[in-house]
Structure formats: C-alpha cells, structure tokens
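J.: Next up is a structure, given as structure tokens.
Please treat every number below as a calculation from the coordinates, not as lab data. Here the structure is a predicted model, which means the values were calculated and not measured. Heads up, the Cβs are rebuilt from the backbone with ideal geometry, glycines too, and the neighbour counts pull from every protein chain shown.
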Amino acid sequence: MNIKISSGRAAVFLLSFCAAVALLADKSSGYSLENGKWTLNRTVVMNLSLGAPRLLSDGFRSFDESAADALKIWNQHLIHMKFRPVLGSPLRPTGEDADTSVFFASTVYGETFGARVLAVTLFTTRPPIVAEADVTFNNAREWDSYRGPLRSTVDFHRVALHEFGHVFGLNHPDDNGQQVTAVMNATVSGVDSLQTDDINGAGALYNAGPEYRSSVPAPTLANLSTRAAVGKDANVLIGGFIVQGSQPATIVIRGIGHSLAAQNIARPLTDPMIDLRDSAGALIASSDDWISQANAPTIASYHLDPANSRESALLQTLKPGSYTVVLRAFDNQDGDLTGTGIIELYDLHTTGGRAGNISSRGQVLRNDDVMVAGFIIGGGASKELVIRGIGPSLTKAGLPNALPNPGLELHDASGNLIRQNDDWQDDAQSAEVLSSGLAPTDSREAALYAKLNP
C-alpha cells in the first residue's frame, strides 16, 4: 500500500488489487479495516462511467450494470451506510473533487498501474471521515463478467466486489496476517462472492449507528429550492424565508454545487458555503463541508445528505421570524469563486412552526444560469399560490443591475409548461394576484396565480 498525505484538508490513500490464481486456505477469521469510514447513515453516490453497453458472459448488458449489481450485494450487508449507483454518469472523473467515480483508465490520474494491478481505489479523507473514494479499473486488461473459475479474461464482477469493499473501509486481510477465504484478499482468486469474513467486516464498520428518521408529511409547500448563477460580493445567491406560527421549526438547509455536474450543468460551484442569518443580519450558523459537522450523521439520518462531500448543509431549529441564507463559494485561494449553485430548504415538520414565504435574489443569466425555483405541494389538497418575478423594483431599493423586464414560466415535474407571464397586469388572473395583496409594485414585473394539485 502506498500512502500519501496531500496539502490542505485531505489525506490520500491508494489501495490496489492484483492478479493471481492461488486460492488462499481458510485457517482463521479476522477481517481487516481501514483507518477511516464514511459519515454514518450516508448514502454514497457512485458515479459509474464504465463504457458503452456490451453483452457480458453473465448476462449483464454493460460493466455499469455489473458494478451496480456488486453495489447492490454489498448494500444487503450495510446498515448505517448505503451505496447509490448512477449508471452512465456524465460526471468527468477528477482526483479529489469530493465525488466518487468508477471508471476504466490506462493510469490512475497520471500514475501508472503497478505490475499485475487490476484496479486501484484512491481515497480522500478528512480524518477520520472518508470524503471520496474513486475506483479506477486497468483498461490494459481484458475484462468480462462471469462466475466460477478464473478464465483468461478478468472477472470484473468479483474485482468490483473487492474494490467496493475498499470504498467503504475494508482492507486486505491477508496483508495483515490473516489467512481467510475472502473476496477482500489482495489477489484475485476463485472466490467470486462475499464470504463470512467480508460480511463480518462490513458489520464491524456499519452495524451500529444513529437511527434513521423521517420528516413528518404536512399539507404545505415542501422541498423549496432555487438554482442560479453564484458570483462574488453582491452577486452571491440569497434566499429568504419566514418561520410562521408561534412555535419553532426544525429545518435542513443545503448549499449544492459540484454534484450538479452529474446533471450536465456545465459550470457548477465547486465548493459551496452557506451562512444562515437572522432578521438583524446576525450570523446564526455556517457550513462549508457538511461532513465536517458534528450533526452530519443526523442530517444523513433524514436522507438529506448532499451527494458531494464539499457541499454544505445545516440542521437548525429556529424560532418564528425572518431568516436569510447566503450561498457563496468557499475561498480556497484558487480563484474558483463562481458557478451554478442551489439553495434548498427542507422543513422536517417535527415541531409546530413551519417555514414558508421563500424568496431568492441572485443573478439571472442564460442557459444553465437562468433562475430556477422548485417546490412540492404537500398533503392531499390543492394549494393556491402566488409566484412573483421581481426586477425593476429592486432598482428603487438601491440594488444595481436589476433585471429590467422579468418573465416567469411555471412547469410541472415532467417539464411541461403550465403557465407563463411577462407583465403581471396582462395575466388573465391578475385580479387574484391583486386581491391577494401580493401584486408587484412595477407593471413590468411578473406574477402568476395558480391553484396546483399535490
């Protein structure tokens, strides 16, 4: 094993899997563990980009499918950590980007494969928490996917089982004085499935952890979000909301950036950071890398863990009042301070108050960087909404570069256009907007009244 310590916040580890034909004898038990593991209850997104479809010997139609099956097998034995495969991921693999990628290559990010090495898992940690674990399969080898005795081609499926064991924290037992039958041994063999020792190792790492939780369904707007271009200084993305009622509300706020690359967003914000402030502008909490926070396992327990380890998340219980979230780039002194980002607000409905009246202010550009807001209608009844697009009146409030003539489009979950508006007074339902008391102050601004089903 070759260990490197990188500059900054991460440690990098290389683990390789070698070709051999000897089957080790089972003489004693004793899995071997790495020094770090993932945040408990995290869902680790595995970006699979293993080439074009082709029929393999075991019936899988691609190496992505074979890899996804190996992840599914491990998931059966992982309680407080799970894998989620993304087949055909468009994410371009790069070292230390805090996304986990699985791919074929001729080198390991420019470093040559060692003699007989079939695959390498490259870790990045924020000790003791794993932030990333990329798996590179050696494309100089001839691969297939099958079961049973080894053939002239390498069985991708058993090597994937081995490498994914590294991803969640298992080492080679035979490199640490153990003599066991295990898919995690350092050399490929006739073992093509998980053995008792492998399963015991998974249990030692992830059998214990905080309980999983669920938010309480409520007949309100849920999962509120805004996506926009995030710049510097006055061009950061700002989200505002109100905690309504007489009781506190428990919420999760997320700042999403780099994982948007997997959704074909061209220039995602690489290292998003969020600040939460009260109505007086006082800082309540900040988040840079969500995995570094003490309550990260609780966020993951609600299945609200961001896909990328550099993304941000806050879990807060807030008293009634007005609040602001600012999304910006963390300054790594590399000049990379702009990109597309998302602010997300999740009301867990575990307390009596509720978060509502969300608004966002940011840059409105073109293509990926138009401003996009999302929400879900909760409960079983339809909801009446007023949605506004404000621009010219921001100039009157002293803000520069306001959008001179905003337009709105309302789409359903399938992307179908439901309604659109340019100047709010020209809309057929402008009377409803006016009677709600929410009419924009400038005739060039946009507003829609809509009654939407859950």
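J.: What are the ³J(HN,Hα) couplings of region 106-123, residue after residue, when phi is run through the Karplus curve with 6.51, -1.76, 1.60 and θ = phi - 60°? Round to Hz, x for glycine and proline.
T.: Per residue, the Karplus-derived 3J(HN,Hα) values read 8, 9, 9, 6, x, 8, 6, 5, x, 4, 6, 7, 8, 7, 9, 9, 10, 8 Hz.
J.: With unit charges on the beta carbon (Lys/Arg positive, Asp/Glu negative), name the residue among 257, 226, 98 whose Cα is farthest towards the positive pole of the charge dipole of the chain.
T.: Farthest along the dipole direction, towards plus: 226.
J.: With +1 assigned to the C-beta of every Lys and Arg and -1 to the C-beta of every Asp and Glu, and no other charges, what is the dipole magnitude of region 89-232 about the Cα centre in debye, to the nearest 20?
T.: Using only the charged Cβ atoms, the result is roughly 440 debye.
J.: Could you work out the relative contact order of the chain, using alpha carbon pairs under 8 angstrom and six or more residues apart, expressed as a whole percent?
T.: 16 percent
J.: Let me ask you something else. Residue 411: net charge of surrounding residues, Cβ under 14 Å, Lys/Arg +1, Asp/Glu -1, itself excluded?
T.: Here the charged neighbours net out to 0.
J.: Same structure, new question: Would you mind checking which residues have amide H under 5 Å from residue 269's amide H? H placed 1.01 Å from N; only 5 or more apart, or other chain.
T.: 340, 341
J.: Two decimals, Cα atoms only, Kirkwood Rh: what is Rg/Rh over region 382-454?
T.: 1.00
J.: Then there is this: Measure nothing but the geometry: give the 0 to 90° angle between the long axis through the Cα atoms of 196-206 and the longest principal axis through the Cα atoms of the chain, rounded to 10°.
T.: Rounded to the nearest ten degrees, it is 30.
J.: Using a simple charge model, +1 on the beta-carbon of Lys and Arg, -1 on the beta-carbon of Asp and Glu, nothing else, what dipole does the chain show about its Cα centre, in debye to the nearest 20?
T.: 440 debye
J.: Among residues other than residue 84 whose Cβ falls under 11 Å from its Cβ, what is the net charge (Lys/Arg +1, Asp/Glu -1)?
T.: Here the count lands on +2.
J.: Right, here's the next one. Could you pull the Rg and Dmax for region 190-343, using just the Cα atoms, both in Å?
T.: 18.4, 66
J.: Using just the helices of the chain, give the 222 nm mean residue ellipticity in deg cm²/dmol: DSSP H runs with n ≥ 4 each add -39,500 (n - 2.57), and the total is spread over all residues, rounded to 500.
T.: -3500 deg cm²/dmol
J.: Calculate, in whole percent, how much of the Cα-Cα pair population of region 152-215 lies beyond 18 Å.
T.: The answer is 39 percent, as a whole percent.
J.: Shifting gears a bit: Determine ³J(HN,Hα), in whole Hz, for all residues of region 444-454 in sequence, where each value follows from phi through the Karplus function 6.51 cos²θ - 1.76 cosθ + 1.60 and θ = phi - 60°; x replaces Gly and Pro.
T.: With coefficients 6.51, -1.76 and 1.60, one gets 7, 7, 10, 7, 10, 9, 8, 10, 10, 7, x Hz.
J.: Still on this structure, I have one more. Can you list residues from other chains, or at least 5 along the same chain, whose modelled amide H is less than 5 Å from the amide H of residue 407?
T.: Amide H to amide H, under 5 Å and 5 or more residues apart or across chains, residue 407 pairs with nothing.
J.: Let me ask something else. Residue by residue through region 47-60, which ³J(HN,Hα) values in whole Hz follow from phi under the Karplus form 6.51 cos²θ - 1.76 cosθ + 1.60 (θ = phi - 60°), with glycine and proline marked x?
T.: 7, 8, 9, 10, x, 6, x, 7, 6, 9, 4, 8, x, 5
J.: Same structure again: Using only Cα atoms, locate the centre of region 171-221 and the centre of region 353-431, then give the distance between them in Å, rounded to an integer.
T.: Centre-to-centre distance over Cα atoms comes out at 46 Å.
J.: OK, next. What relative contact order, as a whole-number percentage, does region 210-379 give when Cα pairs under 8 Å and 6 or more residues apart are counted?
T.: Once divided by the residue count of region 210-379, the mean separation gives 46 percent.
J.: Next question. Can you tell me what the convex hull of the Cα atoms of region 81-212 projects to on average, as an area in nm²?
T.: 9.5 nm²
J.: Separate question: For region 382-454, what does the relative contact order come out to in percent, with C-alpha contacts under 8 Å and a separation of six or more?
T.: About 43 percent, as a whole number.
J.: May I ask for the longest run of the chain untouched by GluC sites (Glu not before Pro) that are loop-located per DSSP and have at most 13 neighbouring C-beta atoms (other than their own) within 10 Å?
T.: 212-454
J.: Can you give the angle from 0 to 90° between the axis of helix 63-75 and the longest principal axis of the chain, with both taken from C-alpha atoms, to the nearest 10?
T.: Result, in degrees: 90.
J.: Which translational diffusion coefficient, to the nearest whole µm²/s, is obtained for the chain from the Stokes-Einstein equation, given a Kirkwood hydrodynamic radius over C-alpha pairs, 37 °C and 0.692 mPa s?
T.: My calculation gives 136 µm²/s for D.
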